[in-house]
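The values are calculated or read from the model by the stated rules, or taken from the named source; none is laboratory data. Everything numeric here is computed off the predicted structure, so don't read it as measured data. When we count neighbours, we look across all protein chains shown, and the Cβ atoms used for this are built from the backbone with ideal geometry, even at glycine.
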Amino acid sequence: MRPIPEMVAAPGEVALDLKQVAKVTSRIEGQVEQVHVQLGDHVRSGQPLVAIGGPKLDELVQEYLVSKAQADVAANSFQRAQKLWTEQIITERRLVEERGRHLETKARYQHAREKLLNMGMTAGELQQLERDQHVEGHRYTIKSPIAGTVVAQHIVLGQGVSSGIELFEIVDTSHVWIFASLTIEQARRFNAGDNAMIVPKGAAPLTAPLTYISPLADEKTRTVRVRFEVANQDGRLKPQEYVEVRLAVTASPTLAVPAAAVTLLDQTRGVFTQRDAGYLFAPVEVGREGEGWVEIRSGLTAGDRVVTDGVFDLKNVLLKERIQSGEGG
């Protein structure tokens, strides 16, 4: 007695893990002044991809430096006003005016700073700008947000670019998704966390957990989309490749024999059982098959001893005896 899982097979497709995909765009208009990578290159997170220059970036840098200087002046004036007001040299109205000017210039400076930070510049680079006080010929360097491979390149040196236009696509295929569609009845038999066997063509099978079951059925096919997640460090699975997905449905223990014990004799399925006088061919009715075992619905009882090694030899002996018996008759 042993459980024989029922196998559910469905076609599947390898897809990119969307957490491992980056479409790189520019946040300002400008001109490509330097291209650091090209199609097919492997890049690390934070690696420079392209440098973009133009008047828009110079304007933003100038705005930042001017607002920083104004904010510093206003902050000093406010501090001095506080001291003078404490000594009752200036009026409270003058103090309020200095405070308002300080807050206004500080907000303008922080806004200019956030715009440059959102473009990808670092706090260290902004400090360098403040030290150099140089506003001409700056470059906006776009860096890779993830580690991966450049699979699309849409720019060349000298090309003009605008905000939001895709420049590169970078993907990391070390982790991929497998999608399959199950009937509604099949989908109800599985839960997130169940393991499936993924069988690629021409490659060894691998195991993957079920991580997503769509809460909706497809309107046309009445099937449910499910997703599995697979580690793919060796790159054996290629996005958009077709695979076979096999899921096992847990079953109750049933009478079963090793698959090697079942043979076909005169168009009848059966097994050889051990008896006191030797071996006897016993016809059986089989059911599910899985994991090297076959369900026996009738023809055997628990405890029967069946032949698993040498079945072919016994079958040949039996056929030979029948032939000889027929010749003797």
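Would you kindly identify the strands (runs of 3 or more DSSP E) lying entirely within segment 210-279 that contain at least 3 residues that are closer than 22 Å to PHE190 by Cβ?
Values: elements: 223-231, 242-249, 256-258, 263-265, 268-275.
The qualifying strands (runs of 3 or more DSSP E) are 223-231, 242-249.
The residues in segment 80-96 that are in contact (Cβ under 8 Å) with a residue 12 or more places away in the chain and buried (at least 16 other Cβ atoms within 10 Å of the Cβ) can be counted, and the count is 2. Checked against the criterion of being surrounded by 17 or more Cβ atoms within 10 Å (Cβ to Cβ) and in contact with a helix residue (DSSP H, G or I) (Cβ under 8 Å, 6 or more places away or on another chain), segment 147-157 contains one or more residues that satisfy it. Among the criteria (1) surrounded by 16 or more Cβ atoms within 10 Å (Cβ to Cβ); (2) farther than 24 Å from GLY193 by Cα, the one VAL245 does not fulfil is (2).
Matching residues to (1) crowded, with 16+ Cβ neighbours inside 10 Å; (2) closer than 30 Å to VAL14 by Cα; (3) under 20 Å from the mean Cα position of the chain (by Cα); (4) of a type in the set (A, V, I, L, M, F, W, C):
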residue: VAL199; (1), (2), (3), (4): no, yes, yes, yes
residue: PRO205; (1), (2), (3), (4): no, yes, yes, no
residue: VAL226; (1), (2), (3), (4): yes, yes, yes, yes
residue: SER252; (1), (2), (3), (4): no, no, no, no
residue: GLY270; (1), (2), (3), (4): yes, no, no, no
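Criterion applied to VAL171, VAL199, VAL161, VAL156 was being closer than 22 Å to ARG236 by Cβ, of a type in the set (A, V, I, L, M) and touching a residue at least 60 places away in the same chain (Cβ under 8 Å), and the one residue passing it is VAL171. Cβ-Cβ distances below 6 Å connect the following pairs, each with a first residue in segment 240-258 that is under 28 Å from ALA302 (Cα atoms), a second residue that is outside any strand (DSSP E or B) and among the hydroxyl-bearing types (Ser, Thr, Tyr), and a separation of six or more residues or different chains: PRO258/THR308.
Checking each residue in segment 289-309 for being surrounded by 12 or more Cβ atoms within 10 Å (Cβ to Cβ), at pLDDT below 90 and in a loop (DSSP other than H, G, I, E, B) picks out only GLU291. If I filter segment 97-125 down to residues being touching a residue at least 40 places away in the same chain (Cβ under 8 Å) and not in a helix (DSSP H, G or I), which single residue comes out as nearest to SER26 (Cα to Cα)? Per the criteria, the residue is MET119.
Within segment 128-148, one or more residues are at pLDDT 95 or above, over 21 Å from VAL66 (Cβ atoms) and part of a strand (DSSP E or B).
Within segment 180-195, identify whether any single residue is surrounded by fewer than 12 Cβ atoms within 10 Å (Cβ to Cβ) and touching a residue at least 60 places away in the same chain (Cβ under 8 Å), and answer yes or no. Among the residues of segment 180-195, not one is surrounded by fewer than 12 Cβ atoms within 10 Å (Cβ to Cβ) and touching a residue at least 60 places away in the same chain (Cβ under 8 Å), which makes the answer no.
For residues that are outside any strand (DSSP E or B) and of a type in the set (Gly, Ala, Ser), scanning just segment 175-196, find the one that is farthest from GLN233 (Cα to Cα).
Of all residues in segment 175-196, those outside any strand (DSSP E or B) come to 184-194.
Those still in the list that are of a type in the set (Gly, Ala, Ser) too: 187, 192-193.
Details: ALA187: 29, ALA192: 23, GLY193: 21 Å.
Step by step, filter segment 175-196, then rank; the result is ALA187.
Scanning segment 24-46 for residues that are within 12 Å of THR149 (Cα to Cα) and not aliphatic (A, V, I, L, M), we see that the one that is surrounded by the most Cβ atoms within 10 Å (Cβ to Cβ) is ASP41.
With respect to ARG322, determine if the residue is free of Cβ contacts under 8 Å to residues at least 40 places away in the same chain, assigned by TED's automatic domain parsing to the domain that holds ASN191 and not small (Gly, Ala, Ser). Explain how you work it out, then say what you get.
Values: free of Cβ contacts under 8 Å to residues at least 40 places away in the same chain: yes; assigned by TED's automatic domain parsing to the domain that holds ASN191: no; not small (Gly, Ala, Ser): yes.
Against the criterion (free of Cβ contacts under 8 Å to residues at least 40 places away in the same chain, assigned by TED's automatic domain parsing to the domain that holds ASN191 and not small (Gly, Ala, Ser)), ARG322 does not qualify.
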